[in-house]
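In what follows, a structure is listed as structure tokens, so that the remarks can point back to it.
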Amino acid sequence: MKCQSPKCNNPATVHLTEIIGGEKREKHLCEECAAGEGITTGKTPVSLNEWLQNFVMQQSGAAAAKTGEMVCGSCGMTFAEFRQRGLLGCPACYKAFEQVLMPLISRAHGNATHHVGKVPSTMDKTQRRQYELVDLRRRLRDAVATEQYEQAAQLRDRISELEN
């Protein structure tokens, strides 16, 4: 949609709806024409990366004050660097910053802190059992192929238990 200002041909990015005397009036303007008419959006577009960085900084801000300058012993990344970048330096960072990261991870994953598989929580018992059987059979084939016979026997017993 184009800007409705007579002297402009830019795309409209500001859409204003007013109801005056029971009559609905819409204006579609570009940012410049809207500003010229005294209409401000108050916000500038934020990239997803910037939004995620802000989220991490807000969520971990209080904890950062408690942690001081935590440093990963493996890669040397500080917690302040993590907060700034939004990315960890290496796998050891998870352990080094565990105290502060666990509440973030928990909040982001609905209070879960450990991977529980790809089975939806809404799946009924029969479906869960079938899914587990498929997984166990795959693991049994892998154990036999790598000659891990004790593990294979345990998996075989678990499969028998589920099938009965």
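Here, each number is a calculation from the coordinates, and none is a lab measurement. Only a predicted model underlies this, so the values are computations on that prediction, with no experimental measurement involved. Here the Cβ positions follow ideal geometry from the backbone for every residue, glycine too, while neighbour counts run over all protein chains shown.
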Residue-by-residue Karplus 3J(HN,Hα) for region 146-155, coefficients 6.51, -1.76, 1.60, Hz, glycine and proline x = 9, 6, 9, 6, 5, 5, 4, 5, 5, 5
If the viscosity is 1.306 mPa s and the temperature 10 °C, what translational diffusion coefficient in µm²/s does Stokes-Einstein give for region 1-45 when Rh comes from Kirkwood over Cα pairs?
-> 144 µm²/s
Using 7 Å Cα-to-Cβ label points, what is the Tyr149/Lys24 separation (nm, one decimal)?
-> 7.7 nm
